[in-house]
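Report on the following structure.
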Amino acid sequence: MGMENIRIVLVGPLYGGNVGSTCRAMANMGISDLALVAPRNLNMDEARMMACHATCILEERSEFDSLSEAVADCGAVMGTTARGGLYRQHARPPREWADKVLEVAQTGKVALVFGREDNGLDNDELAVCTHIIQIPTTIEYSSLNLAQAVLICCYEVFVASETYEPPEEKSPEAPSLLRERMFALWREALLDVGFMEPDKADHMMLGLRRILARGKLTEDDVQILMGMARQSSWAAKQSN
């Protein structure tokens, strides 16, 4: 889906830990192209430690003297900002730009650009960008950690790519006959343990049915619940 054409660009990063954490965030979301613009004496030991198992991204990074050089081959350049202002009014959340990122990445390079930890991107650097991203936050505190901002943007693109397949429930939904067997066992168990009196059993069982009807019950679920009911009955009878 073009994820290999997405480049993460960090402009003037100050801390090796943030660069390493960025590598880890990129690896989580299937992005591997990292470019640093004028990094400032980074602690690379700290970067490697925070990269964890994504050190290959760190070691294969590119470094440039200017943002223009880092994005020279990119068809779309999306800069991030936490500030407002006249030249930032067309900023959109990363979710709104995710499809555009993937569209351009089908045929060419796309850069997601992140500014300095202390000052972000300046106006000259934003002028190089074709799109502006602003991550939604509270008005009271809009500054995000660099690696966290990278992760949020990469996550939105990854989700939009529809490459993630959530795990599927292997056990089928329990049929009515099996569920009725389970309720019969629980009726017996609840009577055995003294939870309800025989004249109140029908009313209490309706309550139990209502509780268990609020979610899907698979055959495996029902087998576990039946086993619990049998064991409860056995234990109650042993104590009598």
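What number, in percent, do you get for the relative contact order of the chain if the mean sequence gap of Cα pairs under 8 Å and at least 6 apart is divided by its residue count?
About 21 percent, as a whole number.
Under the 0.36 nm per residue contour assumption, what length would be gained going from the current alpha-carbon distance of GLU188 and GLU60 to full extension?
Using 0.36 nm per residue and subtracting the Cα-Cα distance, I get 39.5 nm.
What 222 nm value per residue comes from the helices of the chain, counting each DSSP H run with n ≥ 4 as -39,500 (n - 2.57) and dividing by all residues, nearest 500 deg cm²/dmol?
Taking each H run of at least 4 residues, the total per residue is -14500 deg cm²/dmol.
For the chain, find the longest principal axis of its Cα atoms and tell me its angle to the long axis of helix 219-239, 0 to 90°, nearest 10.
With rounding to tens, the tilt is 50 degrees.
Would you mind checking the tilt of helix 94-105 against the longest principal axis of the Cα atoms of the chain, expressed as 0 to 90 degrees and rounded to 10?
60
If I build a Gaussian network model for the chain, linking alpha-carbon pairs within less than 10 angstrom, which residue out of ALA72, ALA82, ALA174 has the largest mean-square fluctuation?
ALA174
For the range 100-180, restrict the atom set to alpha-carbon positions and state the Rg and Dmax in Å.
Using the Cα atoms of the range 100-180, the pair Rg, Dmax is 20.6, 70 Å.
Calculate the radius of gyration of the Cα atoms of the range 170-212 to one decimal place, then report Dmax, the largest Cα-Cα distance, as a whole number, both in Å.
11.7, 39
Spelling out what I want: for every residue of the range 153-166, take phi, set θ = phi - 60°, compute 6.51 cos²θ - 1.76 cosθ + 1.60 (Karplus), and round to whole Hz; glycine and proline get x.
5, 5, 4, 4, 5, 4, 4, 5, 6, 6, 8, 7, 10, x
Can you list the equivalent-ellipsoid semi-axes of the range 3-83, largest first and in whole Å, using the square root of 5 times each Cα gyration tensor eigenvalue?
Details: eigenvalues 74, 46, 26 Å².
Gyration-tensor ellipsoid for the range 3-83: 19, 15, 11 Å.
Could you pull the Rg and Dmax for the range 176-239, using just the Cα atoms, both in Å?
Gyration radius and largest Cα-Cα distance of the range 176-239: 11.7, 34 Å.
Compute the FRET efficiency between ILE139 and THR163 as 1/(1 + (r/R0)^6), taking r as their Cβ-Cβ distance and R0 = 41 Å, and round to the nearest 0.05.
0.75
From the Cα gyration tensor of the chain, with a ≥ b ≥ c the square roots of its eigenvalues, which class applies: rounded if a/c is under 1.5, or else prolate if a/b is larger than b/c, or else oblate?
Prolate is the answer for the chain, as a/c is 1.5 or above and a/b outweighs b/c.
Would you calculate the separation in nanometres between label points at SER171 and GLN223, each defined as 7 Å from the Cα along the Cα-to-beta-carbon direction?
The two pseudo-label positions are separated by 0.7 nm.
Between GLN231 and LEU178, 0.36 nm times their residue separation minus their Cα-Cα distance comes to what?
17.3 nm is the gain from fully extending GLN231 to LEU178.
Connecting C-alpha atoms closer than 10 Å in a GNM of the chain, tell me which of CYS56, CYS23, CYS153 has the biggest fluctuation.
CYS56
Each reported figure results from applying straightforward, stated rules to the coordinates on display, with no laboratory input. Here the structure is a predicted model, which means the values were calculated and not measured. Note that we place each Cβ from the backbone using ideal geometry, even for glycine, and neighbour counts take in every protein chain shown.
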